[in-house]
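Below: one structure, written as C-alpha cells.
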Amino acid sequence: MSVFAPLSLTQTLPFLPLAQGDIDYQVDRRSDPHLFEDVFAQPSTSVMLVCAGKVAVPFGQGALIDYANVTMRLASLPGSYMVQELDRHPEAIALYLGSYGGRRDEHVVAIDVTEISRACESRQGRVPDSANSGADDDFDDMRGTRRGGNGHPSLLEQALTRFDWVDIRGFAPHASAREAGQATSATTLSMWHMRQRFCPTCSAPVSAALGGWAQRCTNREDGNRMLFPRIEPAVITAVVDSRDRLLLQHNNAWENPTLYSVSAGFVEAGENLEHASRRETLEETGITVGDVRYLGSQPWPFPASLMVAFKAYALSCDIRVDGKETADARWMDRDGYMQALLSGRMSVPGRSTIARYMIEQWYGSELPQA
C-alpha cells in the first residue's frame, strides 16, 4: 500500500512582487563606451531616479503606500537632459537597466543621486543618516556643489525635493509588474554602490563600470580589477506538520510584537540550500525537518539578499525556541490563525515579502492587509 507524501501537491508560488522583471538586460551593450550617450539621444528612453535604495515617485504618491488597491508609478525625467546633468554631477551614477525591444525599442536608465543628496544635506547643515555615509565621504570640496550656469539648483538637485521617495517594500505592491522590476534592479544596484566605495582588496577608490552593473578598482598597480555586486543567499521555509498546521515564529529583532512569520536565515559558506533550510528551522525552533520542496525566489535588496523559499514537512512537533533569535514559535491551524489576525494577536508580513505569499499559499486565500 502506497503512502501519501505530505508535500506531493506542493506547487511553486505563482506570483512574487519583487520577481516580476521582464526587461532585456542587454548585457552585451554594457561595455559600450558610448552606451549612455546613444541611449539618452533616443526619445523613447525612460529615466527613473534612485537615492540610497529608494525610488522617486510623483509628489503626493508617497502617502499611498499604506493603502490597499491604489496604483503608484515611477517618476521620470527626460533623457535628453541627462548627459548635461551627469556632466554637472559626476558623483551621480547612471545605471543601464536594459530595453523592452519592440518597435519603440524603449530603453530604461536609472540615475543614482545618493551622493548628490548627501552633498545637499551637508550644505544645509543636516547630518546624513549613518547608514548612508561615513568618515570616508565628502573629502572633495567640490563634490556635489556643481550648479547650473545661472546658479540655480540643477535638475537632479531639484528632483530630491520635488518627488516623493519610497522603498520598494512600499512601492512594489502598488506598481505594475514592469516598474516593480525596474525598481528592484535599481534599488539593488544603488544599495551596492552606496555601501562599497572602495576596493575590498586594496582599499583604492572604485568607479562605476559596465553600465553601472560593476565597479572598477582605480589602482593600476593592482590591475584595475573589476568588481561585481555581492549577493547573499537566504532560505525561508514554511514548515507544516502531519495535521497541516503551519509553524509561525516571532523574531526578537522585530519591533512589531504581533508579527509572526516563517523560519528564515542566511546560507552558510559551503552549504546547500536544503541543508540551510533544515538547519535554520532546527536552530530557531527545535523542529526537525524532513522532506523539503522548492517554492520560488525573489531578490530582497536590504541590502543584498536573494530569498529562496521552501516548504518543508516536520518530523517532530515539540517546539524549543533558541531564545536568542526566536522569542516565540507556535503551530497554527487555519481557523486559529485567522482568529489571531482578527483579534490583533498576530499580524501578517508585509505585502512585498515572500513570506506573506508563502503563508497565503498555505492558508488558501489572500490575507487581510497588515
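Only the coordinates and a few stated rules stand behind these numbers; no lab work does. Remember, it's a predicted structure, so these values are computed and weren't measured experimentally. Methodologically, a virtual Cβ is constructed for each residue, glycine included, from the backbone with ideal geometry; neighbour enumeration extends over all protein chains shown.
When you filter the chymotrypsin sites (Phe, Trp or Tyr not before Pro) in region 24-88 for DSSP loop state and at most 10 other Cβ atoms inside 10 Å of their Cβ, you are left with Tyr67. Estimated at 0.36 nm per residue, the fully extended path between Cys202 and Ala41 surpasses their Cα-Cα distance by 54.2 nm. The alpha carbon centroids of region 347-370 and region 20-53 are separated by 34 Å. Suppose we flag GluC sites (Glu not before Pro) only when DSSP calls them loop and at most 12 other Cβ atoms lie within 10 Å. Which is the longest uninterrupted stretch of the chain? Value returned for the longest uninterrupted segment is 1-254.
A straight chain from Asp22 to Ser176 at 0.36 nm per residue would run longer than the Cα-Cα distance by 54.3 nm. Only Cα pairs within less than 10 Å get springs; with that Gaussian network setup on the chain, which residue of Met191, Met338, Met307 has the largest fluctuation? It is Met338.
Axis angle, to the nearest 10 degrees, between helix 177-195 and the longest C-alpha principal axis of the chain: 70 degrees. With θ taken as phi - 60° and the Karplus curve 6.51 cos²θ - 1.76 cosθ + 1.60 applied, the whole-hertz 3J(HN,Hα) list for region 198-208 is 9, 4, x, 9, 10, 6, 6, x, 10, 10, 5 Hz, x standing for glycine and proline. On a 0 to 90 degree scale, rounded to 10, what angle separates helix 354-363 from the longest Cα axis of the chain? The angle comes out at about 30 degrees. Working from the Cα coordinates of region 1-102, the gyration tensor eigenvalues give, after taking √(5λ), semi-axes of 38, 22, 12 Å in decreasing order. Among the trypsin sites (Lys or Arg not before Pro) in region 278-370, those placed in a DSSP loop whose Cβ has at most 13 other Cβ atoms within 10 Å are Arg320, Lys324, Arg345.
Using all pairs of distinct alpha-carbon atoms, the Kirkwood hydrodynamic radius of region 325-370 works out to 11.3 angstrom. Here's the picture: charge each Lys and Arg Cβ at +1 and each Asp and Glu Cβ at -1 in region 291-338, and of Ile319, Ser297, Tyr337 the one pushed furthest to the positive end of that dipole is Ser297. Shape class for region 232-363, computed from the alpha carbon gyration tensor (a ≥ b ≥ c): rounded, with a/c under 1.5. Checking every one of the trypsin sites (Lys or Arg not before Pro) in region 145-251 against DSSP loop status and a limit of 10 other Cβ atoms within 10 Å picks out Arg243. Here the chain is treated with +1 on each Lys and Arg Cβ and -1 on each Asp and Glu Cβ, and its dipole about the Cα centre works out to around 420 debye.
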